[in-house]
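In what follows, a structure is listed as structure tokens, so that the remarks can point back to it.
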Amino acid sequence: MWIDTHCHLDAAEFDADRATVIADTAAAGVVGLVVPAVECATFDAARAAAGAISGGAYALGIHPLYTPRARDEDIATLRRAVERAMGDPRFVGIGEIGLDFFVRTLDPERQQFFYVEQLKIARDFDLPVILHVRRSQDALLKQLRIFTPRGGIAHAFNGSRQQADMFIERGFCLGVGGQMTFDRALQIRRLAVDVALDALVLETDAPDIAPAWRYKQRNSPVELPRIARVLADLRDVSIDALSKATCANAWRVLPRLPGAMAMTPGDGPAAHTSLISDEPVR
């Protein structure tokens with residue numbers, strides 16, 4: 001069995017065939033899937049997408065790429081949404097949050113404000129975080145030392161071995177996915193082999209970061225088992241050993257995830273009330 005620890009199944013790219021993708025993903029042996037929100041407007045959609053899946057889970061957060069249109073008061077909205085979600089077994093953490101220093105048009109101070117305030121929420125609720133890490137490893141680590149959330153996942157990690165070790169020491173696993181399947185991704189492949197197996201989780205970031213065999217096409221959680229085979233070959237371990245290790249790692253860094261994975265579609269608290277307002281969900 002496999003767990004996709006990072007999949008934006010609520011994205012518009014899946015609107016035309018989401019039910020088919022869900023069915024095909026389950027048939028491929030993916031028994032757990034985490035849907036991270038990217039802004040307040042997607043909180044309810046992330047929860048709904050997770051609720052449509054056996055083993056579906058969701059996280060709530062404001063992505064650094066969405067900080068230009070986020071408002072300061074969205075932090076209070078997130079805090080209220082987290083309070084409402086804490087009674088939902090499918091809710092597993094704060095994410096996707098972080099810093100992106102690759103996109104030069106983003107205001108680094110604005111990103112930092114949202115990152116820090118969301119770390120405070122994670123700390124206050126004792127929740128793990130799902131981090132967006134793009135050319136920002138050291139800046140992320142600096143704030144992790146100050147606000148000390150309970151660990152989580154460094155999504156699509158592509159830093160140095162020393163940086164990887166510092167995230168791992170702080171209770172994080174490194175997310176590996178489609179990027180690793182490219183022969184030219186030497187740094188990612190080296191890390192995927194060199195770090196301890198108990199420091200890795202699998203992810204797709206679908207519909208983004210497609211693997212080599214779907215280059216420039218829509219990615220899907222259906223691809224996770226084949227991505228896993230690439231990692232197993234690189235590390236020279238069996239598929240069974242990799243499955244057991246990466247699932248155990250995901251459960252360890254996302255402690256609420258086993259409860260979410262026990263859920264079937266329709267299980268859990270009623271989702272007819274919005275996480276961000278008192279209005280019914282339409």
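Could you please state how large a percent of the accessible area of the chain is carbon and sulfur, counting protein chains only and using a 1.4 Å probe?
Working: 6050 of 11920 Å².
Carbon plus sulfur share of accessible area: 51 percent.
If you rank ASP4, ASP10 by how much accessible surface each has, with a 1.4 Å probe, what is the order from largest down? Working shown, then result.
On the way: ASP4 0, ASP10 35 Å².
Descending order: ASP10, ASP4.
Pairwise over distinct Cα atoms, reciprocal of the mean inverse distance: report the Kirkwood radius of the stretch 9-130 in Å, one decimal place.
It is 14.9 Å.
Is it possible to state the helix-based mean residue ellipticity at 222 nm for the chain, with each DSSP H run of 4+ residues giving -39500 (n - 2.57), the sum divided by total residues, to the nearest 500 deg cm²/dmol? What is it?
That comes out to -12000 deg cm²/dmol.
May I ask you to give the solvent-accessible area per residue for the chain, in square angstrom, as obtained with a 1.4 angstrom probe?
Heavy-atom SASA per residue in the chain reads 42 Å².
What does the net charge come to around ASP4 if you take all other residues with beta carbon closer than 11 Å to its beta carbon, with K and R at +1 and D and E at -1?
For residues surrounding ASP4, the net value is -3.
Taking the chain as a Gaussian network, where each spring joins two C-alpha atoms under 10 Å apart, which residue of ALA245, ALA70, ALA196 fluctuates the most?
Ranking ALA245, ALA70, ALA196 by mean-square fluctuation puts ALA196 first.
Please check: in the Gaussian network model of the chain (C-alpha springs, under 10 Å), which one of GLN179, GLN118, GLN217 has the largest mean-square fluctuation.
Looking only at GLN179, GLN118, GLN217, the largest GNM fluctuation is found for GLN217.
Report the accessible area of GLU39, computed with a 1.4 Å probe over the heavy atoms of all protein chains in place, in Å² rounded to the nearest 10.
30 Å²
In the neighborhood of GLN187, defined by Cβ-to-Cβ distances under 12 Å, what is the net charge if each Lys or Arg adds +1 and each Asp or Glu adds -1?
Values: positive: ARG161, ARG184, ARG189, ARG190; negative: ASP194.
That works out to +3.
Enter the accessible area of TRP251 (Å², nearest 10), with the probe set to 1.4 Å and all protein chains included.
90 Å²
Rounded to the nearest 5, what % of DSSP beta bridges with both residues in the chain are antiparallel?
Here the antiparallel bridges make up roughly 5 percent for the chain.
Not counting ligands, DNA or RNA, and with a 1.4 Å probe, what is THR148's accessible surface area in Å² rounded to the nearest 10?
Looks like 70 Å² after rounding.
Which sequence of MET86, MET1 reflects their accessible areas, 1.4 Å probe, from the largest down?
The residues order as MET1, MET86, largest area first.
What does the net charge come to around PRO255 if you take all other residues with beta carbon closer than 14 Å to its beta carbon, with K and R at +1 and D and E at -1? Don't skip to the answer; put the middle values down first.
Details: positive: ARG90, ARG150, ARG252, ARG256; negative: ASP126.
Every neighbour counted, the sum reads +3.
The values are calculated or read from the model by the stated rules, or taken from the named source; none is laboratory data. Bear in mind that the values here come from a model prediction, so they are computed numbers and not experimental data. Here Cβ is always computed from backbone atoms with ideal geometry, including for glycine, and neighbour counts include all displayed protein chains. Please note that ligands, DNA and RNA were not included when accessible areas were found on the heavy atoms of the full protein model with its side chains. Shrake-Rupley method; radii C 1.70, N 1.55, O 1.52, S 1.80 Å.
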